[in-house]
Structures are given as structure tokens and as C-alpha cells.
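The values are calculated or read from the model by the stated rules, or taken from the named source; none is laboratory data. Remember, predicted model here, so these are calculated numbers, not experimental data. All Cβ positions, even for glycine, are placed from backbone atoms using ideal geometry, and neighbour counts span all protein chains on display. Accessible surface is based on the protein model in full, side chains and every heavy atom, while ligands, DNA and RNA are left aside. Shrake-Rupley method; radii C 1.70, N 1.55, O 1.52, S 1.80 Å.
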Amino acid sequence: MKLGQLAEAIGAQLRGDPDYEVQRVASLEQAGPGQLSFLASSKYRRLLGQSRAGALILAPRDTDAFAGNVLVSANPYAAYARAAQLLHPAPVPAPGVHHTAQLERDARVHPSVRIDAHAVVGRDTILEEGVWLGPGAVVGDNCRIGPHTRIYANVVLYAGTRVGARCIIHAGVVIGGDGFGFAPDQGRYEKIPQIGAVCLGDDVEVGANTTIDRGALGDTVIEDGVKLDNLVQVGHNVRIGAHTVIAGQTGIAGSTRIGRNCVIGGQVGIAGHIELADGVVLSGKSMVTNSIPEPGVYSSGMPIEPNSAWRRSVARLHRLEQLYRRVDALEAAVRSGAGREAGPSFERTSNNKETES
Amino acid sequence: MKLGQLAEAIGAQLRGDPDYEVQRVASLEQAGPGQLSFLASSKYRRLLGQSRAGALILAPRDTDAFAGNVLVSANPYAAYARAAQLLHPAPVPAPGVHHTAQLERDARVHPSVRIDAHAVVGRDTILEEGVWLGPGAVVGDNCRIGPHTRIYANVVLYAGTRVGARCIIHAGVVIGGDGFGFAPDQGRYEKIPQIGAVCLGDDVEVGANTTIDRGALGDTVIEDGVKLDNLVQVGHNVRIGAHTVIAGQTGIAGSTRIGRNCVIGGQVGIAGHIELADGVVLSGKSMVTNSIPEPGVYSSGMPIEPNSAWRRSVARLHRLEQLYRRVDALEAAVRSGAGREAGPSFERTSNNKETES
Amino acid sequence: MKLGQLAEAIGAQLRGDPDYEVQRVASLEQAGPGQLSFLASSKYRRLLGQSRAGALILAPRDTDAFAGNVLVSANPYAAYARAAQLLHPAPVPAPGVHHTAQLERDARVHPSVRIDAHAVVGRDTILEEGVWLGPGAVVGDNCRIGPHTRIYANVVLYAGTRVGARCIIHAGVVIGGDGFGFAPDQGRYEKIPQIGAVCLGDDVEVGANTTIDRGALGDTVIEDGVKLDNLVQVGHNVRIGAHTVIAGQTGIAGSTRIGRNCVIGGQVGIAGHIELADGVVLSGKSMVTNSIPEPGVYSSGMPIEPNSAWRRSVARLHRLEQLYRRVDALEAAVRSGAGREAGPSFERTSNNKETES
């Protein structure tokens, strides 16, 4: 692709040869002639001098540090993303239904759809223009999959699942399994039928082996532009606001509402029946037990220590109550010592402490 | 369904019109004519006055707050579960083996069984009455699946797995994979063959993409009525007692025994080779490193703080040892100051502190 | 198998009857005649006297505590692993491609390969000698699977994945899904194409439903002998050093490098873009936010307490800042009290404290 074209396509300003050809993207360290890279953070500006890249995408403030072809963009990372999409386009499959795929009666499949080997499409299910079902993918009855959505191998969508346009559902994902709802009754559990469904908006991406449960009564809803990483668990009746991203192995318990434009790290645990505001940022492994009404960055968890230090830390935490009492006693001792000029003995206070505990 | 019938079927007492027809369940806020809802907690009693529901399931103490048809039950939530099961019965598939399904020789399949497209049944495997295998489900050799058990799409049961009656195994579940057993030997690992199996009791439900490993020597055992949520990991030779429920992403390391009627939250981590008593309740994200001999509610973990506060908390925790020493020194100072009337200097104590550290 | 043969095969020294036949392995408590067991830790030496095992593998120091046949080995656990492999060999499937399997053109499949029902092999993919693909396994285009590697049911390998020799990939694993890479742009996200791949060395084992993402530019690399348990998440461009073992539900964020011979517990969370030295040991649920330059054992996390105690612990942790200030104030009071002989009042210090907060 010629740099002139590329600049126009990604909305960047070209400084250099518009006829220069770039073939692929590469890391800043490895990019050579014919290859495109980028610099997102001026922190690494010093690397620009040594770069052999055929062209770089740079912010205006960094252009003077590189002598070669430059695509100037206010957001080099996003411009790079668009350029990489153009240079490495996702494969567009030839339309067609593999002879081993099984379509139930009344499935409505657009002629442009590609269905791979052993995929299964249920009754009354609609696959819109350009949908691609990978091998072994199972789409249940009464589903609707929007245009140009890509569903990878062995994904399972339960009956009634609706997926918007241009979504990417990675291999092994399960959408629409029963929510975890049981009523205790005399030492046993009665299953609560889960009669809601799951609804995904447009431009949603769901990572491998992630699970999204169907609603108990209403639907579980994933709004437009949400990105879920691998092995994420989304409980029944959760709603995730548009353009929120959630990293791997995070779990969201039932009926919780996550705001828009949140950024949620990996292995975060979010309790059920709470609400997170728009713009909440949670660092990895955070434990969220209550609603978060204000945007901001929140964190929890104790980073590692050497094992022996950790053992002492745990012991100290478990003795913290005693420490509070010792400080209470000290304050009492100091206070009364100051008052009576010739001090009360700490021992007496110490006795009080015993009485308290 | 007529209310009279329904009352009888769920063991509730009817106050109202026995011929009134209800078609479906709905939430208390949304239920209208012909729809059934319930109130489990008197805390929300005030909502009853506004309800337009065709009928409600209520505890005796709440019946006076609603003027319409009432099904009176001591346990409204369980009664609702049973009513919802009747009004929204799980589909019963037509018996039959899809022509693309593959049955190995000597598989014994009851005539009422339904096997969907591309499912695979291994040698000498027994599928009892009313079993339903979803598309792409793989049941290995020498398995036995009890009556009316439902196995969803793309589940994998390794050879030798036994599943009881009326179980529900959601899509993507893997049961019977090798336990994680390796013997270190000169900087490498020798695999320990995992020659046990997995045995599930009756009425077990297993959530999507959960994994249950086979035993190393004996079996991994999930007793009757256990409910596992999605993405749970059960290690080899674990035993989970009857009617225990475990929420999403919890992990149980090898050879641990969980009691009966436990309630275990999401993302809990339970170490190997320990034992939990019957009736243990663990809140989400708990870290269990030792046996729990007594029933009760147990918790751990630090809920989130604003990031800057959390950074200070972590720093303070790492300085906790110093704080303990400072309090030791203060106590020594106060004690000796009280004894000698005209105080020992804190500085001297401070020097002692240095010596100690 | 005769003990004489077995001793030779596992590199142990025999004390007893070389013609004695053992059929299978069993636990020390349950092993009877014809069965082989072992003792790895002298701690349980007292059990040896009661053992009815046909033969035992013991360390030299423990041989005198058992009167029967003994295989003497410096590492009884590893010797047991090898013996169990011989007595319970993994099944070797008859070669052949199931008639329902789908091979794309130019797939190169060694005649000894076994491909089960509904498996799919992509274009230009190479399956070397003795490879076994389970039912429903999907191997994308341009993959290469090394000799004697076993891929269980419903595994998905995306295009370009390379797997070494003698690997075991358990059911439901997904390798090569897109890494989680998005560039924020005006409240939305642009997808960064993930054009790297995944490369597994020899003798790697990957547990059920684990996910390993393809690299953004370069490859994600799992070196020889690595063992991953179930439901592990490996982010894009991670490198895991040879002979490292990682327990269930652990997550490793993008671009992190793990050293060789590390032992990582379950539910550990490891941040992105950091480096762990060779020989690092992490206990379960550890939270790793920074590089670990030195080998050693590291831990974090607060084990459970009874719920009421935990609530108080959390409250105390959140008041820790105040406690530090109270100790500051006490030190100031004691110091000045000691200096002026007749005490400064604690109240004055207390006022200062107010000012500070």
C-alpha cells in the first residue's frame, strides 16, 4: 500500500514520499524498509533515531526525532490500529455452506454467509449478510446474528441469543447458558428456570472460552463496542455499558450494571446487584463488593512479598486488634501521666487492657 | 395453567380464583394480568400495593398487602421456582439419533434418547432413558449417563465418566481431563498417569466451560444435588458433598473434601488436601489455605479503595512491622517513665529499637 | 509386568523377587498383592509396616521399614511416575482418518496419524507421526503439530499455531485466539490486528479449557516441558520458560516473561510487561504487579477469617492511617514529656493531629 493512500485512509498527515510502499507492520525495534511502525509515548523518543522503519506513525511533537517517512497523527496508536487493519485485513471467506454443516428448518441464511464444517444452525435463526460461522460452532434456535459478525470454531450460542453487527466471538465462547439461580428448600435446591436471553450490541468482541449467562427473567445485555477478554464470566441479567473493556478471568455476578467506558483489569471480582458508574477503572484482581457511584481508578489486593515476610504480614494483620488496644492503652497512660504530673504506671493501663479484651 | 392446579402442584394454598389462568412468570415490577410473580423478602412488601400481577406467591405474613390472587407458601422463592418450572418447562426433545452423530460399537442407547448433530458416543457407553446429547457433545468410552440427564453442545466427557440422573451439563464443560500431577525429576517433570475417573451424583448442574479433573488413583466425586457455576475448576480426587453450591470461577485444588450444604462464592480459591465441614459458607474471592472444621461464614480479601488510598494502604501494610516496633518502644518508654518518675528519654528506647531490628 | 523388568525400566534397584508380577499401581493404603505403590516422604514411614502392597518404591532410608518387595530409588515419586506410565500406558490409537473428519486441501498428514470424528484440519497444515486429533478438534490453516502429540476433543488451534513433540492438549483448549489489543480513540476502541502466532515446545501439557492468545506482532511462546493446568489464561506475546508449571485459573497478562523452572500456584494474577526470574515459586492467589528479579518463594493474600472478624479486619485496615498518626502523636508526647520532666499534655499533641489530617 502506498503511503499517500494509507495517510488518507487513516486520517494522518504525510511527511515524506506518497508513493513509498509499505507491506506490513512491525515493532519499532524490528521494522525495516517497507515496514510501518509507530510511537505512542514520547518516553521512548530516543529509539526513533535508530529506527530503520520504512515509515512511522508519530505524534506531532515527535516528528523531528525521525528523518524518514512520517504519518503524523494526534493519536498514533489508534492510527496504527487502522493502518494495521488495512495492511493485514481479516480474511473474508468465500460464501457458502459446508456440506457437513446442519441447518434446521426455517433457518434464514443470507447468501453471502459462510458456514464451516460441522457447524449447526437452529430453527428460525437468522444469519445476516457476511456472517461467518467457524467449524463446529452451534447457534441455537431463534437466534439472530448481525451483519459481518465472525463466530469462531466450537462457539455455542444457546437459543434466543441476539448478536449485533461486526462482532467477533472467539473459539469456545458459550453465550446463553442458564444463569446460576436456585431456591434453597429444605437442604436442597430448586432450579429457577432462566427464561431471559442474551443480547450483544454491535462491534462487541468476546475472548476465547468466555461465558455469558442468559437472564432469569429479563435479558443479559452487552452494549455496543464492549470488549471482553478470555475466560470472563458474566452472570445473568448483568448489563455492561457501551465501550467498556474487561480483561481476562474477571467475573461479574448476577444483576450488576457496569457503566459505559469502564476499563476493568483481569481477575477482578464484582459482586451481584450493584452498579458501577460510567468511567470506572479497576486494576487487576480488584474485589468490588459495593456500588461505585463515581468514576475514578479503584484498586485492592496485596502484592506479593517473599513468603516469610508474607507469613509475618498475615500474622500481624491478625494481631491488629491487639495493636489498636495497645495504642488505646498508651494514649490513656500518656494522657493521665500528663495530668497527674507523676505518672500512672503503664502496668495499670495494661491491666485495663486485659479487662477489655 | 389454572391457579387451582398450580397451587396443588407447588404445594401452596390458594386465596383467590382457582380458574384464573396464568401463562408465565414475570418480575414483581413487570408482572401483569395472566402473569405470576412472587415476593421472597418482606423488605419489599411496599411494592405489593402497586403490583398488577395476575397472581402472586407470598409468605403468610405478606398476604394482607396484596388484594389479588395469592398462592400462600412458607417458602415463596422455592414455590416460585416450582411454578416457573411448570409454566416454562424445559423442552423435551423428540427421541432420535441425528444421522451425523457417531456411535461407536457397543454403545447402549435407550430408545428414548435424543442425540443431536455431530455428537459422538464412545465404546461400551450407556445412555439411559431420556438422555439428551447436544450438538458436538463428545462422550468417551465406558461412560454411563443417568436418566433424563441433559448434556449441552460441545461438552466433553472423557472415558469412564459416570453421571447420575436429571443432571444438567452446560456447553463447553470438560469432565475427566487428566488431573495436574507431575513428579519433579532433575529439573524436568514426569507425568503421573491419572487412572481414576469422575463420578457425578443425581441432580447435579454444571455451568458452562467448567472443568472437573479425573482422579489420580481413586475418583473425583460430585455428590447429589451439587450446583457448580461457570468456569469452576475442580482438581483431581476432590469430593464435593451433597447439595453444595459453588459460584463462578472458584477453584478447588486436588484431594480436598468439601462438606455438604456448603455455599461457596465466586473466585474463591481452596487449597489442596484440606477438608471443609458441612455448612461452610465462603464469601466471594475468599482464600482458603487450611481446613475449616466448623460450619459458619468465612471471608477474606480487601475490598477496593480509590487507587491512591490503596497505594498508601499497601505501603502502610509493608511498614506494619515498624509500627509494631514503634509501639513496643513506646510501651517501654511509658513503662520506665512511670517507674522512675522523671522520664527515660524516648531516644534511648529508640536506640534499643535500632538494636532490635 | 515382572519386578525385575520394571526395576530396570525405571532405573531402580530391586530388593526382592524379580519374577513377582505387578498389574497396577494403587495408593499406599489400598495397594494389595500384585499392586505397586510408593512412599515419597519419610514422614509417613509408619504406614509402611501395615502395607499389603505387592511391591513398594522407596528411598534408601526407608527400605528397612517394609519387609516385602522394594524398588529402591533416590526419587521414589519420579520412579513411581515412570512405573505407572509403564503399567498404565496411554492408549495408542489405531491410525486412520474418520470418514466424517474434514481435511482441507494440502493438509499433510503422516500415515500413522489418527483423526477422530468431525475433526477439521486446515490448509497447508502438517500433522507429524503419531499425532492424534480427538473428535471435533479444529486445527486451522498453516499449523504444524509435532510427533506423538495428542489433541483431545473440541480443542481449537487457530491458524499458524505450532506445537512440538509429545504434547498433550486437553479438551476445550483454545490456542491462538486474538490477543486483547485495542487502541482507545474518542471513547471507542480500534482493534489492533494480532498478526503473531503461538508456538509450543516439546513435552508441553495444557489443561482443559485453557486459553493461549496469539502474539500482536511476534509470537507467544511456551517452551519445552511447560505444564499448564485447566482454565489458565496466557496473554499475547507472553513467554513461559522451559519446565515451568502453572496451576489452574492463573492468568498472565500480555508481554510478560516467566523464567524457567518456575512453580506457580492457582489463581495467581501476573501483570503485563514484567519479567520473572528462573526458579520463582508463587503460592496460590498471589498478585504480582512488578518484575521478580530473584528466585525464591513469594506469596500474597489474606487467608479467611470468620466473617465478623474479617469485617473488623477490613475496618481496621481502613483506619490504619489514623493509627499511624496516633503513634506519631504518642511518640511526640513521650519525647517532649521526657525532655520537660513534667509532661506536655497529650491533648496538645492531639490538636496537632487534627491539624495534620
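Quick notes on this structure:
- Taking the chain by itself as reference, region B:181-202 contains these residues with an accessible-area loss of 20 Å² or more in the full protein complex (1.4 Å probe, heavy atoms): B:182, B:183, B:184, B:185, B:187, B:188, B:189, B:190, B:191, B:192, B:193, B:195.
- Charge tally in the Cβ shell below 13 Å around residue A:312, where Lys, Arg are +1 and Asp, Glu are -1, residue A:312 excluded: +3
- Sequence-distant contacts, meaning Cα pairs under 8 Å at least 6 residues apart, place the relative contact order of region C:96-298 at 10 percent.
- About its Cα centre, the protein assembly as shown has a charge dipole of approximately 1840 debye under the convention of +1 per Lys or Arg Cβ and -1 per Asp or Glu Cβ, with nothing else charged.
- Long-range amide H partners of residue A:225 with built H, under 5 Å: A:202, A:203, A:204, A:243
- The helix-based estimate of mean residue ellipticity at 222 nm for the protein assembly as shown, built from -39,500 (n - 2.57) per DSSP H run of four or more residues and divided by its residue count, is -5500 deg cm²/dmol to the nearest 500.
- With Cα atoms defining each centre, region A:302-316 and region C:218-294 are spaced 21 Å apart in the structure.
- Probe 1.4 Å, accessible area per residue of region B:96-298, Å²: 30
- Calculated label separations, residue C:275, copies of the chain, 7 Å along the beta-carbon direction, nm: 4.8, 4.8
- When each of the peptides B:22-29, B:143-150 is scored by the mean number of other C-beta atoms lying within 10 Å of its residues, the order from highest to lowest reads B:143-150, B:22-29.
- Whichever lysines have a C-alpha closer than 20 Å to that of residue B:227, once near sequence neighbours (fewer than 8 apart) are set aside: A:191, B:285
- For region B:1-139, averaging the sequence separation of C-alpha pairs within contact (under 8 Å, six or more residues apart) and dividing by the residue count gives a relative contact order of 16 percent.
- Shielding of peptide A:241-254 by partners, expressed as the average count of other chain Cβ atoms within 10 Å per residue Cβ, is 5.
- Interface area, chains A and B: about 5900 Å² of buried accessible surface, summed, with a 1.4 Å probe and ligands, DNA and RNA left out.
- Ranked from shortest, the separations from the 7 Å Cα-to-Cβ label point of residue B:30 to its equivalents in the other copies are 5.0, 5.0 nm.
- Within chain C, the selection of entire DSSP H helices by a Cα span of 24 Å or greater along the long axis and an average Kyte-Doolittle value of at least -0.5 returns C:320-340.
- Shielding by partners for peptide B:77-84, expressed as the average number of C-beta atoms from other protein chains within 10 Å of each residue's C-beta, is 6.
- Taking all protein chains together, B:175, B:195 sort by accessible area into B:195, B:175, largest first [probe 1.4 Å].
- Distance between modelled label sites at residue B:321 and residue A:30, nm, 7 Å Cα→Cβ extension: 4.3
- Cβ-defined net charge surrounding residue C:263, 12 Å radius [Lys, Arg +1; Asp, Glu -1]: 0
- Chain C: antiparallel DSSP beta bridges as a percent of all, rounded to 5: 10
- This model, with +1 at the C-beta of Lys and Arg and -1 at the C-beta of Asp and Glu, gives chain B a dipole about its Cα centre of some 880 debye.
- Inter-copy label distances at residue A:2 (7 Å, Cα→Cβ; nm, one decimal): 8.2, 8.2
- Ordering B:195, B:60, B:272 by the projection of their Cα atoms onto the charge dipole of chain B, which places +1 on the Cβ of Lys and Arg and -1 on the Cβ of Asp and Glu, puts B:60 at the extreme positive end.
- Relative contact order of chain C, taken over Cα pairs closer than 8 Å and 6 or more residues apart, is 6 percent.
- Label point 7 Å beyond Cα of residue C:312 along Cβ direction - residues of region B:288-302 with amide nitrogen under 17 Å: B:297-301
- Taking a Cβ cut-off of under 12 Å around residue A:101, the surrounding Lys, Arg, Asp and Glu residues balance to a net charge of -1, with basic ones at +1 and acidic ones at -1.
- Per residue of peptide A:225-237, the mean number of Cβ atoms on other chains within 10 Å of the residue Cβ is 6.
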